[in-house]
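The structure under discussion appears below in the form of C-alpha cells.
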Amino acid sequence: MTRIAVLSAGSWGTSLSVVLADAGNRVAIHARRHDIAAAINQRHENPRYLPGAVLPGRVTATTDVAEAVQGAEFVFLSIPAQTLRANLALWAPLFPDDSVVVSLMKGVETGTGMRMSQVIAETAGIPAARVAVLSGPNLAREIAVRQPAATAIACTDEAVADRIQAAAQTPYFRPYTTTDVTGVELGGVVKNVIALAVGLATGMNLGENSRAMLVTRGLAETARLGLALSADPLTFAGLAGVGDLMATCSSPLSRNRTFGEHLGLGLTVDQAAAATGQTAEGVKSAESVLGLARRHGVDMPITDVVVKVLHGKVTVDQAAALLMGRAAKQERYEA
C-alpha cells in the first residue's frame with residue numbers, strides 16, 4: 001500500500017486525501033491545529049473546512065510534519081502559495097530522498113514571479129523530474145462528497161506523472177497526464193484572478209453577457225501569458241485551462257469568485273477577506289501575475305484592473321468603465 005503525505009489540512013488538501021485513500025493509498029495529513037487532527041483521527045471529519053464530509057479510515061492526521069512524511073512516496077503540498085518557501089525550508093530536509101513532491105497550489109510567488117513548481121525545485125533542491133503539479137476544475141466540497149471530476153497532472157517526466165495518475169485514479173476522479181507544467185500552473189493561477197473579476201461583476205449585478213466576456217477574454221489573457229512562457233497553447237483548452245476557469249468563475253463554492261462578489265457589493269478588501277473566511281489565492285497572486293506579464297511584454301487588462309481594485313486605485317464602478325473603454329482590437333491571443 002502506497003504511503004502518501006498531504007501537507008496541509010485545508011479544504012483542498014483534505015478533499016484530495018479522500019481521493020487518494022479511495023484509490024487504495026494510506027494517507028497522512030499534516031494539520032497545524034491539534035483539534036483538527038483529533039477530529040480527523042477520531043471522527044473521520046474535518047469540521048473546520050469540510051463539515052459533514054466523511055473521510056476514509058485510511059486517512060489519518062498528525063501535527064508533526066516528520067511523522068506525516070515518513071516513508072511517503074508522494075508528498076502533496078496544499079498551503080497558501082506565499083508561505084511555500086518559508087515552510088519548505090523547514091520541511092524539505094524531512095522528505096524521503098526519493099519522494100515526488102506534488103503541488104496543489106495555485107499562485108505566483110510575490111517578488112520573484114516564480115511558479116510553485118519552481119519554488120519547490122529551488123528551495124527543496126529537488127530535480128524537476130520529481131516535482132509535479134495537479135490542477136483542474138476541482139472544487140473541494142464536490143470532490144469530498146465524491147462527485148465526478150477530472151484533473152490534469154503535469155510533470156516533465158512522463159513516467160512520474162503516470163505514477164501519480166495511478167495513485168489518484170478512482171471511479172469518480174479521473175486524472176489526465178501532461179508534460180506541460182508551465183501551462184497547467186498558469187491556468188490554475190490566472191483563473192483565480194479572472195474569478196475575482198467575475199465575482200466583481202456578479203456583486204455589481206451585471207448580467208451573463210458581462211460574465212461571459214470576462215471568462216472568454218480572461219482565457220485569452222491566460223493563453224497570451226502562456227505563449228510568452230513557452231506553454232503549450234492546447235493546455236488552455238483543457239482541464240487546467242478552460243475547465244478550471246469555468247468551474248472557478250461560475251460556482252458559489254469558489255473562494256475567489258466569492259471574494260470578488262463581496263468587493264462588488266461594496267465591501268473593502270479586509271471585509272471581503274473576513275466574509276470569505278478562507279484564502280483566496282487570486283488576491284495575493286494578482287499583482288505577481290501582472291508583474292510577470294509586464295516582464296514578458298504581455299497585455300493583461302483584466303488582471304490589471306483587478307490589481308487596481310485590490311489596491312484601491314479604482315472603484316468597482318470605474319473598473320467596468322476601464323475594461324469597456326479599451327481600444328477595439330482583433331480577437332487574437334497576441335492582441
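Return the pairs, sorted by first residue and then second, in which the second residue is at pLDDT below 85, the first residue lies in the range 312-334 and is not assigned by TED's automatic domain parsing to the domain that holds Leu267, the beta carbons are less than 8 Å apart, and the residues are 6+ apart or on different chains.
Filtered contacts from the range 312-334: Lys329/Ala335.
What are the residues in the range 161-180 that are part of a helix (DSSP H, G or I) and either in contact with a helix residue (DSSP H, G or I) (Cβ under 6 Å, 6 or more places away or on another chain) or of a type in the set (Asp, Glu) (or both), if any?
Asp162
For the range 201-218, state whether one or more residues are in the same structural domain as Ser15 (by TED's automatic domain parsing), aliphatic (A, V, I, L, M) and more than 22 Å from Arg255 (Cβ to Cβ).
No, the range 201-218 contains no residue that is in the same structural domain as Ser15 (by TED's automatic domain parsing), aliphatic (A, V, I, L, M) and more than 22 Å from Arg255 (Cβ to Cβ).
Quick check on the range 115-156: of everything there that is among the hydroxyl-bearing types (Ser, Thr, Tyr) and free of Cβ contacts under 8 Å to residues at least 40 places away in the same chain, which residue is nearest to Ala168 (Cα to Cα)?
Thr156
Scan the range 198-224 residue by residue and report those that are aliphatic (A, V, I, L, M) and assigned to a helix (DSSP H, G or I).
If the condition is that a residue be aliphatic (A, V, I, L, M) and assigned to a helix (DSSP H, G or I), then Val198, Leu200, Ala201, Ala212, Met213, Leu214, Val215, Leu219, Ala220, Ala223 are the ones that fit.
Could you check, for the range 283-301, whether at least one of its residues is within 19 Å of Arg257 (Cβ to Cβ), outside the structural domain of Ala81 (by TED's automatic domain parsing), modelled with pLDDT of 95 or more and polar (S, T, N, Q)?
No, that holds for no residue.
Being crowded, with 21+ Cβ neighbours inside 10 Å and in contact (Cβ under 8 Å) with a residue 60 or more places away in the chain is the filter here; which residues of the range 12-22 pass it?
Within the range 12-22, Trp12, Gly13, Thr14, Ser15, Leu16, Val18, Val19, Leu20 meet the criteria.
Any idea which residue in the range 185-200 is surrounded by the most Cβ atoms within 10 Å (Cβ to Cβ), counting only those that are touching a Leu at 6+ places or on another chain (Cβ under 6 Å) and over 23 Å from Ile153 (Cβ atoms)?
Ala197
Please list, ordered by first then second residue, the pairs with beta carbon atoms under 9 Å, 6 or more apart or interchain, first in the range 81-101 and touching a residue at least 12 places away in the same chain (Cβ under 8 Å) and assigned to a strand (DSSP E or B), second surrounded by 14 or more Cβ atoms within 10 Å (Cβ to Cβ) and of a type in the set (S, T, N, Q).
If the second residue must be surrounded by 14 or more Cβ atoms within 10 Å (Cβ to Cβ) and of a type in the set (S, T, N, Q), the pairs left are Val101/Ser117.
Quick check on Thr63: is it surrounded by fewer than 20 Cβ atoms within 10 Å (Cβ to Cβ), modelled with pLDDT of 95 or more, among the polar types (S, T, N, Q) and touching a Lys or Arg at 6+ places or on another chain (Cβ under 9 Å)?
yes
Of the numbered conditions (1) polar (S, T, N, Q); (2) free of Cβ contacts under 8 Å to residues at least 40 places away in the same chain; (3) under 26 Å from Pro127 (Cβ atoms); (4) crowded, with 24+ Cβ neighbours inside 10 Å, Thr222 satisfies every one except a single condition; which is it?
Of the numbered conditions (1) polar (S, T, N, Q); (2) free of Cβ contacts under 8 Å to residues at least 40 places away in the same chain; (3) under 26 Å from Pro127 (Cβ atoms); (4) crowded, with 24+ Cβ neighbours inside 10 Å, the odd one out for Thr222 is (3).
Show me the helices (runs of 4 or more DSSP H) found entirely inside the range 225-306 where at least 1 residues are under 18 Å from Gly107 (Cα atoms), in contact (Cβ under 8 Å) with a residue 24 or more places away in the chain and among the hydroxyl-bearing types (Ser, Thr, Tyr).
244-250, 255-264, 281-295
Please state which of the following conditions Val131 fails to meet, knowing it meets all the rest: (1) at pLDDT 95 or above; (2) surrounded by fewer than 24 Cβ atoms within 10 Å (Cβ to Cβ).
(2)
The values are calculated or read from the model by the stated rules, or taken from the named source; none is laboratory data. A quick note: this is a predicted structure, and the numbers were derived from the prediction, not measured. Glycine also receives a Cβ, built like all others from the backbone with ideal geometry; neighbour counts cover every protein chain displayed.
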